[in-house]
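Worksheet: one structure, shown below.
The values are calculated or read from the model by the stated rules, or taken from the named source; none is laboratory data. Since we're looking at a predicted model, the values are computed, not measured. Glycine gets a Cβ as well: all are built from the backbone with ideal geometry, and neighbour counts include every protein chain shown. These accessible areas exclude ligands, DNA and RNA; they are computed on the full protein's heavy atoms, side chains included. Shrake-Rupley method; radii C 1.70, N 1.55, O 1.52, S 1.80 Å.
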Amino acid sequence: MHNEIILAGFGGQGVLLIGKLLAYAGMKEGHQVTWMPAYGPEMRGGTCNCTVVISDKPIGAPITNSPHGLIVLNLPSLDKFEAKVRPGGVIVINTTLVTRMPQRSDVIAVPLACNDIAQEAGAAKAANMVALGAFVGATGIVDVKLMDEVLVDSLQARPKLIPINQAAFKRGYEVGVKYAPAAAAR
Amino acid sequence: MAKKLMKGCEAIGEAAIKAGCRLFFGYPITPQNEIPEYMSARLPQVGGTFVQAESEVAAINMLYGAAGAGCRVMTSSSSPGISLMQEGISYIAGSELPVVIVNIMRGGPGLGGILPSQSDYFQATKGGGHGDYRCFVLAPSSVQEAADLMIDAFDLADKYRNPVLVLGDGLIGQMMEPVEFKSEIAPDDLPAKPWATTGCKERKPNIINSLYLAGEQLEQHNWHLNRKYESMKQDVRFELYNAEGGCDVLIVAYGTVARIAKTSIEDLKAKGIKAGIFRPITLYPFPGEALAKAAAGAKAGVLVSELSCGQMLEDVQFHLKDRGRISFYGRVGGMVMAPEELVDQVTKIAGA
């Protein structure tokens, strides 16, 4: 198993955080992991991304030009990374902010209104958790129970936020799993 | 101890503490700010001291003083900041003091940029400041190795009474990977430093200085230092990867580029090309003899790859007699090559 994932959005949407949670869960599952943030000039422009690699083998490059998966929370991120995704890859799209679908037909698009769903779950700020849930649901990249443990673990300092984030993740997951058969058949 | 997911910079900070370092003096600069940030929080918890100096020049001279007093001490910076420290590093080398300096390199010259680079290789390995001196230079390729080498760096600094430079880049500093700290030593358990200026009650004063006005004396001192640098060869380190029994092409790379090359090697396998990697872990002393041996087993040639216009390349050329067999591929300015770029280069050399 070897998976390269790019997570991208505006600064403040929490893409670095969900990338860390994904890497943390991968590590707990016994895999090799890397998490690499883009810390350069693009970050100064207000957009933000990170690359997570989860693998059974020691990881060489922690950055990628051809990810197996992509999570985009805003439109510039879809514009920037859509063409790079490997054929058959999963793209989770936050349709609250992304006004178009991928132009490619050889990828599995998982569109969902992350901010709206997060609002219903208790806080629009948890849109990142909705997207993470959808990605885990569609790809099964890490065990969902383990992912929940990691989520709880990471919010120990602010326990009030745990149920909201858990609910947001679950709502996303429920949408994501509907795409799991398509993702598995790729 | 369980593995923790940490940034390279944070792992470097924690490793220093595990090595018994309780003093950090530095000045902020991207992309290594997580080191001083981590140390500013952690050192007070373990009875240490963190000082944000007024400049890099001040910071390196604080190291000079603390090291002279026999304390394990470190600083960290990135390329332009390390340039500012060169005068102090020269004094520290001349006075034979053990310090650890971390350079998380960014693109230059001048202010350059903040993205990963390996363009301080010359500065790190050939002296850097004025005078005839060398730093011991270690180049980690992963977060775990950054932590391990950081602990070794303090021991090597003490062993040779010499500055040790840990040379990473923005990618090693900013990346998170699982890391495990295998050993820990308390400052009180460190070997004694009888040469240090710790107060001379009931003994002759120790003097720490780099001034030798008499030519005869300075010459003697220079040759003494030179013998010391020569003796560092006993601690030369490298990794030879996928090159057992020879290979088609040998990639010579260190740090970030070496790990990118590991991904390229997998893709090359699928094309029926066997590429090996020779990865210097000590950049000074440079593992030249081992490289020559490994390169002899490369059928089609040697590819040197760096995030510079070709700095380590000169050391490789020095150690390999047949220069016609050496190719070079570099990315600069903060751009990092994708594994596919090295696949293309190796494929060309292999003639496949």
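A few notes on this one:
Rundown of residues vs (1) of a type in the set (A, V, I, L, M); (2) open to solvent by 10 Å² or more (accessible area, probe 1.4 Å); (3) touching an Asp or Glu at 6+ places or on another chain (Cβ under 7 Å), yes/no style:
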| position | (1), (2), (3) |
| --- | --- |
| B:Gly297 | no, yes, no |
| B:Ser305 | no, no, no |
| B:Gln317 | no, yes, no |
| B:Asp322 | no, yes, no |
| B:Ile326 | yes, yes, no |
| B:Gly333 | no, yes, no |
| B:Leu342 | yes, no, no |
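- Matching residues, the stretch B:175-196, being open to solvent by 10 Å² or more (accessible area, probe 1.4 Å) and closer than 20 Å to B:Tyr38 by Cβ: B:Met176, B:Glu177, B:Pro178, B:Glu180, B:Phe181, B:Lys182, B:Ser183, B:Glu184, B:Ile185, B:Ala186, B:Pro187
- Here the condition is being surrounded by fewer than 19 Cβ atoms within 10 Å (Cβ to Cβ) and farther than 27 Å from B:Lys159 by Cα; of B:Thr49, B:Thr30, it holds for B:Thr30 alone.
- If you go through the stretch A:152-186 and keep only what is open to solvent by 70 Å² or more (accessible area, probe 1.4 Å) and not in a helix (DSSP H, G or I), you end up with A:Gln156, A:Ala157, A:Arg158, A:Pro159, A:Lys160, A:Lys178, A:Ala185, A:Arg186.
- Restricting B:Gln32, B:Gln86, B:Gln52, B:Gln45 to those that are closer than 28 Å to B:Leu211 by Cβ and at pLDDT 95 or above reduces the list to B:Gln86.
- Scan of the stretch B:208-246 for residues that are under 18 Å from the mean Cα position of the chain (by Cα) and loosely packed, with under 11 Cβ neighbours inside 10 Å, ordered by number: B:Gln234
- Selection of the stretch A:26-55 for residues being in contact (Cβ under 8 Å) with a residue 60 or more places away in the chain and facing chain B (nearest Cβ under 10 Å) yields A:Gly26, A:Lys28.
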